[in-house]
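Asks: So that we are looking at the same thing, I have put the structure below in structure tokens.
The values are calculated or read from the model by the stated rules, or taken from the named source; none is laboratory data. Just so it is clear, the structure is predicted and the values come from calculations on it, not from any experiment. Methodologically, a virtual Cβ is constructed for each residue, glycine included, from the backbone with ideal geometry; neighbour enumeration extends over all protein chains shown. Calculation scope for accessible area: heavy atoms of the full protein, side chains included, ligands and nucleic acids excluded. Shrake-Rupley method; radii C 1.70, N 1.55, O 1.52, S 1.80 Å.
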Amino acid sequence: MKNVIKNIKVNRYKVVLLAGLISSSSLYSAVAQSRGENLDEAKVTAYILPDPLKAANGKTITSAKEWTNTQRPAVLQLFQEHVYGKFAGKPKNMHFKVNSVDKEALGGKAIRKQVTVFFTQAADAPSMEVLLYLPKEAKKPVPVFIGLNFNGDHSVNADPGILLSTRWLANTNNDRVVNNRATEAARGSSIKSWPVEEILAGGYGVATVYRGDLEPDHRNGWKTGIRTTLKSELGIKEDEWGAIGAWAWGLSRMMDYLETDKDVNAKQVVITGHSRLGKAALWAAANDTRFALVVSNDSGEGGAALARRNFGETIAIINKSFPYWFSPKFKEYSGQADKLPVDQHMLLALMAPRPLYVASGVDDAWADPKGEFLSTKNAEPVYALFGKKGLGVTQMPSVDQPIGSDTIHYHIRTGGHGITLYDWQQFIAFADQQFKK
Ligand code: GTR
């Protein structure tokens, strides 16, 4: 193999491409440099954010009661209509099948449960696979971190007891996924993003589902995903929502299962997600207030980052690369974010008064860390209605200096796009602060 090394400036960071050894993510990055994104802070143009406290009739919302009873539902409706599409409720006849319980998992440190959640009563109903770890020593129901995973439940830990996903996965240029199916080599491939042992040691459970169980993440994924298979059951047409909506809906269905598991404290479920799955986590938590604490990690455009700030990925770019993620209507805002009746600070405001943690990476320019910070900051007026303090600062903090007061926290970590042990440690400490008072 020729050892040609090229230095290419890309959207997120400089990557060194070894010819012949190009990973799919760096390939993506190399392509992305021509998408017309702005990465120069000096070129960010002025914008005016919609006021979350301004009702459609022009009145200003001044109380938590008014927010909860009228403005919150109105803002949620705007996000459904213009951004993510409809959000389905709980199907009437779901059922669960516990496939395995291992009380000596992870070297005796954990209880591992694997549960199939069937979305209708039929034995062969569309379904998703929940992987749940609980700390072995727990004496009472535990709080649980939940989130979707990118690469199959088997990727979060090398634990040989995890069932290998049988669903569609994107092929890898190694032997982990061949012919769109996982191989044994895929076990534990995302272990760095899922520090299961640390989460358990903190006294928390952790539950995950593969995003592809809800909808495979490609242009034709909707054809085999729940937007099609549950179309009549849910009463929503395929094109009335998008993949992010389908993933988010799956998070709510995980909650339905967790509410039935007596080892879980369903009143203390922390919803988390990284990147596109962070967008899904935010959207799920906006619709479903059962999630007690909300974490967004590098969720970027369509997640925590302000759409009106033209830095990094934009609505136009995301709609072009991922036309199936959002509602079709969202395409009307490509190149005209200022026409949207909402911006993403209003999505974050929908978490109020629940504790919220937003995390960025300093080299993750594509996700616009500053736009994520400003969005968090601009959600504060809604939290204030509930007597909740905001971030307690006006300027972005330094790298690796988490900030926040009682309810809203933020950090910008060293490094690029990813969810790291450092991120998880901050989320665990935040959950401790909220739940162990
Ligand atoms: C990128 C996309 C981002 C983010 C990211 C990810 O390709 O542009 O919005 O979602 O993927 O999910 O890692």
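Asks: List, please: which pairs have Cβ atoms under 8 Å, are six or more places apart or on different chains, and start with a residue in the stretch 273-287 that is among the polar types (S, T, N, Q) and end with one that is more than 13 Å from the ligand (Cβ to nearest atom)?
Replies: N287/L76; N287/F87; N287/A248; N287/S252
Asks: Only one of these is more than 30 Å from E81 (Cα to Cα) and surrounded by fewer than 19 Cβ atoms within 10 Å (Cβ to Cβ): T183, T228. Name it. Don't jump to the end; show me each part of the working.
Replies: Details: T228 fails: more than 30 Å from E81 (Cα to Cα).
Selected residue: T183, the only one of T183, T228 that is more than 30 Å from E81 (Cα to Cα) and surrounded by fewer than 19 Cβ atoms within 10 Å (Cβ to Cβ).
Asks: Continuing with this model, one more query. Is it the case that A243 is out of contact with any Asp or Glu (no Cβ under 7 Å at 6 or more places or on another chain), open to solvent by less than 10 Å² (accessible area, probe 1.4 Å), within 16 Å of the ligand (Cβ to nearest atom) and modelled with pLDDT of 95 or more? I'd like the intermediate steps shown before the answer.
Replies: Numbers: out of contact with any Asp or Glu (no Cβ under 7 Å at 6 or more places or on another chain): no; open to solvent by less than 10 Å² (accessible area, probe 1.4 Å): yes; within 16 Å of the ligand (Cβ to nearest atom): yes; modelled with pLDDT of 95 or more: yes.
Answer is no for this residue.
Asks: Checking the conditions here, which among A246, A170, A186 is within 25 Å of I318 (Cβ to Cβ) and touching a Gly at 6+ places or on another chain (Cβ under 7 Å)? Quick ask: steps written out before the conclusion?
Replies: Details: A170 fails: touching a Gly at 6+ places or on another chain (Cβ under 7 Å); A186 fails: within 25 Å of I318 (Cβ to Cβ).
From the options A246, A170, A186, the qualifying one is A246.
Asks: Which members of the stretch 183-234 meet the condition of being in a strand (DSSP E or B) and of a type in the set (D, E, K, R)? Before you say what the answer is, go through the steps one by one.
Replies: Of the residues in the stretch 183-234, the ones in a strand (DSSP E or B) are 205-210.
The answer is none; no residue qualifies.
Asks: For the stretch 274-313, what are the residues that are within 24 Å of A429 (Cα to Cα) and aromatic (F, W, Y)?
Replies: If the condition is that a residue be within 24 Å of A429 (Cα to Cα) and aromatic (F, W, Y), then W283, F291 are the ones that fit.
Asks: Starting from the stretch 163-177, take each residue that is outside any loop (DSSP other than H, G, I, E, B) and list its partners that are open to solvent by less than 70 Å² (accessible area, probe 1.4 Å), counting only C-beta distances under 9 angstrom and pairs at least six apart or across chains.
Replies: As it stands, the answer is V177/N151; V177/G152; V177/L169; V177/A170; V177/T183; V177/A185; V177/A186, since those pairs meet every condition given.
Asks: Name the residues in the stretch 124-143 that are over 18 Å from T224 (Cα atoms) and in a loop (DSSP other than H, G, I, E, B), would you? Before you say what the answer is, go through the steps one by one.
Replies: Initially, the stretch 124-143 is screened for residues over 18 Å from T224 (Cα atoms), giving 130-143.
Hits for the stretch 124-143 are K136, E137, A138, K139, K140, P141.
Asks: Residues that are within 16 Å of the ligand (Cβ to nearest atom) and either modelled with pLDDT of 95 or more or surrounded by fewer than 23 Cβ atoms within 10 Å (Cβ to Cβ) (or both): list the helices (runs of 4 or more DSSP H) wholly contained in the stretch 292-397 that include at least 2 such residues.
Replies: Numbers: elements: 315-321, 344-349, 369-377, 380-385.
Hits in the stretch 292-397: 315-321, 344-349, 369-377.
Asks: Where the second residue is in a helix (DSSP H, G or I) and more than 10 Å from the ligand (Cβ to nearest atom) and the first is under 12 Å from R413 (Cα atoms) and lies in the stretch 362-373, which pairs have Cβ atoms under 7 Å and are six or more apart or on separate chains?
Replies: From residues that are under 12 Å from R413 (Cα atoms), the pairs are V362/P369.
Asks: Here are A158, A122: which of them is touching a Lys or Arg at 6+ places or on another chain (Cβ under 7 Å), away from the ligand (no atom under 16 Å from the Cβ), of a type in the set (A, V, I, L, M) and over 20 Å from G273 (Cα atoms)? Outline the logic, then answer.
Replies: On the way: A122 fails: touching a Lys or Arg at 6+ places or on another chain (Cβ under 7 Å).
Exactly one of A158, A122 is touching a Lys or Arg at 6+ places or on another chain (Cβ under 7 Å), away from the ligand (no atom under 16 Å from the Cβ), of a type in the set (A, V, I, L, M) and over 20 Å from G273 (Cα atoms), namely A158.
Asks: Here is a follow-up. Return the total of residues in the stretch 52-85 being within 15 Å of K329 (Cα to Cα) and either exposed (fewer than 15 other Cβ atoms within 10 Å of the Cβ) or β-branched (V, I, T) (or both).
Replies: So the count comes out to 2.
Asks: Only one of (1) open to solvent by 60 Å² or more (accessible area, probe 1.4 Å); (2) within 16 Å of the ligand (Cβ to nearest atom) fails for N171. Which number is that?
Replies: Evaluating N171 over (1) open to solvent by 60 Å² or more (accessible area, probe 1.4 Å); (2) within 16 Å of the ligand (Cβ to nearest atom) leaves (2) as the failure.
Asks: Could you list, in sequence order, the residues of the stretch 403-437 that are among the hydrophobic types (A, V, I, L, M, F, W, C) and either touching a residue at least 60 places away in the same chain (Cβ under 8 Å) or open to solvent by 50 Å² or more (accessible area, probe 1.4 Å) (or both)?
Replies: Taking the stretch 403-437 first, the residues among the hydrophobic types (A, V, I, L, M, F, W, C) are 403, 408, 412, 419, 421, 424, 427-431, 435.
Selection gives I419, L421, W424, F427, I428, A429, F430, A431, F435.
Asks: Give the number of residues within the stretch 267-282 that are closer than 24 Å to I419 by Cα and away from the ligand (no atom under 16 Å from the Cβ). First the steps, then the outcome.
Replies: Kept after step one, since they are closer than 24 Å to I419 by Cα, are these residues of the stretch 267-282: 268-282.
In the following step, the residues that additionally are away from the ligand (no atom under 16 Å from the Cβ) were identified as 268-271.
So the answer is 4.
Asks: Please state which of the following conditions R227 fails to meet, knowing it meets all the rest: (1) touching a residue at least 60 places away in the same chain (Cβ under 8 Å); (2) touching a helix residue (DSSP H, G or I) at 6+ places or on another chain (Cβ under 6 Å); (3) of a type in the set (D, E, K, R).
Replies: Every condition holds for R227 apart from (1).
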